Amino acid sequence: MNSFLRKRVLPLIFIPAAGFLTVASILNQNGPGGGYTNAPGESNCTSCHSGTLNATPANLANLTLSAGFSANGYIPDSIYTVTVSYAQAGINKFGFQITSLRTDNNAFVGIYTAGTGNTKVTTTISGSSREYIQHNSSGTLGSGSRSWTFTWRAPSTNVDTISFYVAVNATNSNGTTTGDQVYAKVFKIPASSLLPTAIRNVSKSTVCAGDTVTYYGSGTNSPSSYRWRFQLGSPSIVNTQNVVRTYAFAGTFWDTLVVTNAKGQSQSIGNVVTVISSPSASISSISPNDTACTGDNITLTANSGTGFRYLWNTGNAADTLSTLQVGQSGSYAVTVTNASGCSKQSNPVALTFIAPPSPTLTAFPLADSLCEGDSVVVTASGTGVTNYTFLDQGVIVQSGPFGFYKTSALGHHSIRVEADNGYCTALSTDSIVKDILPRLSAPVVNCSANTDTIFYTWGEPQFNYEVSEDNGQTWIPSGGSTSHRIGGVGFSTSRTLLVRKIGTGLCSEGKVSAGTCTTDPCSILSYTLNANRDSICLGDSIYLSVDNLAPGNYTFAFNGGAAGSSNQFAYLPQSITDDSIQVSIVDLNSPSCPPLVTYKRTVVESIPETQLSYDDTSFCENQTILIRIQNYNADYGYVLYQRMLPGSTLLALDSNRQNLRMTGFRGIYQVQVNTHFQQCSQTSQQQLIVSNPRPHAEFHYAMLNSNEVFLADSTSSHSRTWDFGDNSAIDTARYVTHTYVDSGVYSFQLITKNIEGCADTTNGAVKIQFRLGLENLEIGNLRIYPNPTSKVATIESELPIESVLVLDLNGKLFIRTSYQSENEVKLDVSDLAPGVYMIQVQVDSGASKVFKLLIER
């Protein structure tokens, strides 16, 4: 086992030299490792050093611990500088070890940071980790005393008293484990008195389930916040000073309170509340139900249980049974108390007592006697009635929710009603008495008709009769006749005649009989309505005829015009909506029959004027121009025509598209669009379109030197743009000199435009090649003579000549000549007109030079 100051002599390898030996001994003084403070579960230094712990108790007074604790105690989460000191005369070497544990459960608390002459170690004791501060090799020496200083951080919460366990070893420096003195001491440091102490009160500690408990919190040293923790309920943590909780279930429940002030937290204090079960309370039975008739009783029964006591909310202290007889409307509840004294009130039930209905009867008509065919209507009324049962001479004749009864049965009637409001029934005290007497029998009516008149007959001439043509609104005496005639009815018309016998007494008007007849219909005409065509263009006429009818027997009217004998008609529509022709035919053999009206429908087509738009009325030759039909109709056909002026043939160019296309050579064209649909057609207005000529792009160029090019637009174009192919800026001058900065083959482009905006493009390429030494080529190495000349110029060069170009000052190329490594060439200019020319000479090194040459004659 390790010890505080284990003194071991370690043998070293020694080598004899010059007749003597050197022996070295090393003293191990770095501390024993954790677990030797004499704390619970630990040993002390005597486990390795012989001797008795605290052999001289008086020396314990020399073992001290100081840290400057606040008010003799620690403040949570504060850092303290701790000094452990021990003094004993005659001792020059010391060791120590310290740890800190909670007093209530021996759990390690705090955080150590080692200082000079000490170190921190960690050991597991009884399954839990503990930190220690102990001496190291530089912290053992002292003359009669030794101190060790380090820092300790208090725990973040108030854990009440903390025990600091300290063990020291005062060695005798004899190099062994014998003769040392070991002392162990406990320093108990409480929480600072500046911390608050929680104080908790409760309104009651024993309650019934469902009751409310009020918790009152306070504390010493001016607490500023409160923290309650509850075993049951939500939220489980509450941060108010006072708390109200309701416990719905029986049991024993704990709660704790921690208060905090400016210095820190208090110790947690706890309490237990006992909750006793409350009884269940309910009205388990309502008999017969919750609504009854006035004068009846309703029985309420509460739930049963051992030791239960009852009290109903009737206001009568004697209503303490589990059942209650109720005879009036109201809200009833029962309070049930168990043997523990806990009570609970049931949910209330509403009971209603309803008075029986008092039905009354009225009848219509009021007369006591009625005739056969008449009806008596009896109406019953009453408050809250849901069902009426009618009785005629004691026999039920009708039952249901409707409060009226109607009968037309012959004989004597005595009618009463029994009313039911859903709970109670009551029979009306009055009754309706009526007699319904028989009438004379109805006659048998026969009838016949022609196209205009109906004839009615009936038998039994011994009776008098009345007839009605207007469904009984008015009655006409027959004057003893048994027949009746209705004339002027018209074709295919039905009429009904009512007939009744007339007698004497109350029921003198007999039963009514009805006779219905229909006049004959008009004859059906068989004809055909023909037209010369089914569709026409607006502005054309259509011709109709009515055929297959005998001439002279009919008249014809067309479109509401005058009737005539002609069966033919010409019709000219005025718009595309005039697509229906009315024909009216009258049969002269049946003048009372209405005219036969028929219709002939046709389709009137009209093509609207074609509306055209043009991209432009001036374009470039061989360019395609779009002619757009603004009011395009996919059902129509379209053809584009053009004629080149003057006097050429009209040609069809494009057809059946909304955007028609034309392409023309230079010139002036006359264009128009023809639109057609079925047999209709229409031509648009003519439009003149000019096709302008395009320019011809052409250029000349000359190499001024290895990377400089002279370019010229050879045409008299209106405008132009140069693109040199090296991403440089576009130029628009006719004559340009362009310098390339890198070697390579460049494609350049010239776009020319004439005054009409028509363009042409041409392209070229130039090879740029830089060679070393070109900058040293001097004029003296290349010359041309004679200058001026009239016919031949000689060119001499130290370097072989590759090519010669001759251009005028406008950039027009006249001569391009190539050579095979010649140092002198003869240039024939006899065909050139007198003037000033530019001569470009290029040698095989790629260098070039331009001279001016004057030709005179």
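Kindly establish whether Asn787 is modelled with pLDDT of 85 or more, in contact with a Leu (Cβ under 8 Å, 6 or more places away or on another chain) and not in a strand (DSSP E or B).
Taking the combined requirement at face value, the residue satisfies it.
What strands (runs of 3 or more DSSP E) lie completely within the stretch 499-559 and have 2 or more residues being under 30 Å from Thr577 (Cβ atoms)?
Those strands (runs of 3 or more DSSP E) span 528-531, 535-537, 542-547, 554-558.
Quick one: which residue in Thr157, Thr113, Thr177, Thr119 is more than 30 Å from Lys93 (Cα to Cα) and either crowded, with 16+ Cβ neighbours inside 10 Å or under 60 Å from the mean Cα position of the chain (by Cα) (or both)? Working first, answer last.
Values: Thr113 fails: more than 30 Å from Lys93 (Cα to Cα); Thr177 fails: more than 30 Å from Lys93 (Cα to Cα); Thr119 fails: more than 30 Å from Lys93 (Cα to Cα).
When all the criteria are applied, what remains is Thr157.
Restricting attention to the stretch 230-278, and to residues there that are in a strand (DSSP E or B) and in contact with an Asp or Glu (Cβ under 6 Å, 6 or more places away or on another chain), which single residue is surrounded by the fewest Cβ atoms within 10 Å (Cβ to Cβ)? Working first, answer last.
Step one: filter the stretch 230-278 for residues in a strand (DSSP E or B), giving 230, 237-238, 242-246, 251-260, 265, 269-276.
Filter again for in contact with an Asp or Glu (Cβ under 6 Å, 6 or more places away or on another chain), leaving 230, 271.
Values: Phe230: 19, Asn271: 14.
Once the filter is applied, the top-ranked residue is Asn271.
Within the stretch 757-780, restricting attention to residues that are assigned to a loop (DSSP other than H, G, I, E, B) and at pLDDT 80 or above, which residue is nearest to Asn692 (Cα to Cα)?
Within the stretch 757-780, the match that is nearest to Asn692 (Cα to Cα) is Cys758.
Look at the stretch 34-60 and say how many of its residues are assigned to a loop (DSSP other than H, G, I, E, B), within 9 Å of Gln181 (Cα to Cα) and hydroxyl-bearing (Ser, Thr, Tyr).
Qualifying residue count, the stretch 34-60: 3.
Would you check if there is a residue in the stretch 23-33 being at pLDDT 85 or above, over 12 Å from Ala167 (Cβ atoms) and assigned to a loop (DSSP other than H, G, I, E, B)? First the steps, then the outcome.
Narrowing the stretch 23-33 to residues at pLDDT 85 or above: 32-33.
Add one more test, that the residue is over 12 Å from Ala167 (Cβ atoms), and what stays is 33.
Still in the running and assigned to a loop (DSSP other than H, G, I, E, B): 33.
The answer is yes, given that some residue of the stretch 23-33 is at pLDDT 85 or above, over 12 Å from Ala167 (Cβ atoms) and assigned to a loop (DSSP other than H, G, I, E, B).
Just to be sure, is Ala419 not in a loop (DSSP other than H, G, I, E, B) and not assigned by TED's automatic domain parsing to the domain that holds Val377?
no
Where in the stretch 571-651 are there strands (runs of 3 or more DSSP E), lying wholly inside it, with at least 3 residues that are in contact (Cβ under 8 Å) with a residue 40 or more places away in the chain?
Passing ranges, in order: 580-587, 596-601, 603-605, 618-620, 624-629.
Go through the stretch 183-197 residue by residue and tally those that are in a strand (DSSP E or B) and at pLDDT 95 or above. I'd like the intermediate steps shown before the answer.
Looking only at the stretch 183-197, we keep the residues that are in a strand (DSSP E or B), and these are 183-189, 191.
Those still in the list that are at pLDDT 95 or above too: 183-189.
Selection size over the stretch 183-197: 7.
Restricting the stretch 623-639 to residues that are modelled with pLDDT under 80 and surrounded by 13 or more Cβ atoms within 10 Å (Cβ to Cβ), which is nearest to Cys680 (Cα to Cα)?
That would be Tyr636.
Suppose we filter Ser541, Ser478 for residues that are farther than 26 Å from Asp587 by Cβ and surrounded by 15 or more Cβ atoms within 10 Å (Cβ to Cβ); which single one remains?
Ser478
Which numbered condition in (1) within 60 Å of the chain's Cα centre (by Cα); (2) crowded, with 16+ Cβ neighbours inside 10 Å is the only one that Leu391 fails?
For Leu391, the failing item is (1).
State all residues of the stretch 211-239 that are touching a Leu at 6+ places or on another chain (Cβ under 8 Å) and hydrophobic (A, V, I, L, M, F, W, C); if no residue qualifies, say none.
Trp228
For the stretch 198-229, give me each residue that is in a strand (DSSP E or B), of a type outside the set (Val, Ile, Thr) and farther than 30 Å from Val109 by Cα.
Asn201, Cys208, Tyr215, Tyr216
What tally of residues in the stretch 797-828 results from selecting those that are more than 29 Å from Ala733 (Cα to Cα) and out of contact with any helix residue (DSSP H, G or I) (no Cβ under 9 Å at 6 or more places or on another chain)?
Number of matching residues: 14.
Does the stretch 38-45 contain at least one residue that is surrounded by fewer than 18 Cβ atoms within 10 Å (Cβ to Cβ), hydrophobic (A, V, I, L, M, F, W, C), within 16 Å of Val166 (Cα to Cα) and in contact (Cβ under 8 Å) with a residue 24 or more places away in the chain?
No, every residue in the stretch 38-45 fails to be surrounded by fewer than 18 Cβ atoms within 10 Å (Cβ to Cβ), hydrophobic (A, V, I, L, M, F, W, C), within 16 Å of Val166 (Cα to Cα) and in contact (Cβ under 8 Å) with a residue 24 or more places away in the chain.
If you scan the stretch 781-821, which residues turn out to be over 19 Å from Ala833 (Cβ atoms) and either touching a Lys or Arg at 6+ places or on another chain (Cβ under 9 Å) or not assigned by TED's automatic domain parsing to the domain that holds Ala847 (or both)?
Listed by number, the residues that qualify are Leu782, Thr794, Ile795, Glu796, Ser797, Ser803.
Regarding the stretch 61-80, can at least one residue be identified that is of a type in the set (A, V, I, L, M), in a helix (DSSP H, G or I) and surrounded by fewer than 15 Cβ atoms within 10 Å (Cβ to Cβ)?
Yes: the stretch 61-80 contains one or more residues that are of a type in the set (A, V, I, L, M), in a helix (DSSP H, G or I) and surrounded by fewer than 15 Cβ atoms within 10 Å (Cβ to Cβ).
Just one of the numbered conditions (1) modelled with pLDDT of 95 or more; (2) over 58 Å from the mean Cα position of the chain (by Cα); (3) surrounded by 15 or more Cβ atoms within 10 Å (Cβ to Cβ); (4) not hydrophobic (A, V, I, L, M, F, W, C) is not true of Thr299; which one?
(3)
Looking only at the stretch 503-538, filter to residues that are under 20 Å from Thr474 (Cα atoms) and touching a Leu at 6+ places or on another chain (Cβ under 6 Å); which one of those is surrounded by the most Cβ atoms within 10 Å (Cβ to Cβ)?
Only one residue fits best here, namely Gly510.
Are any residues in the stretch 444-474 within 19 Å of Lys501 (Cβ to Cβ) and of a type in the set (Val, Ile, Thr), and if so, which ones?
Hits for the stretch 444-474 are Val444, Val445, Thr457, Val467, Thr474.
Filtering the stretch 341-380 down to residues that are free of Cβ contacts under 8 Å to residues at least 60 places away in the same chain and over 30 Å from Val512 (Cα atoms), which residue is surrounded by the fewest Cβ atoms within 10 Å (Cβ to Cβ)?
Only one residue fits best here, namely Pro348.
Can you confirm whether the stretch 201-224 contains a residue that is assigned by TED's automatic domain parsing to the domain that holds Leu257 and more than 30 Å from Thr246 (Cα to Cα)?
yes
Give the stretch 376-397 a look and list any residue that's of a type in the set (Ser, Thr, Tyr) and modelled with pLDDT under 95, or say none.
Step one: filter the stretch 376-397 for residues of a type in the set (Ser, Thr, Tyr), giving 379, 381, 383, 386, 388-389.
Once the filter is applied, which keeps residues that are of a type in the set (Ser, Thr, Tyr) and modelled with pLDDT under 95, the stretch 376-397 yields Ser381, Thr383, Thr386.
The values are calculated or read from the model by the stated rules, or taken from the named source; none is laboratory data. Only a predicted model underlies this, so the values are computations on that prediction, with no experimental measurement involved. So basically every Cβ, Gly included, is an ideal-geometry build from the backbone, and we count neighbours across all protein chains shown.
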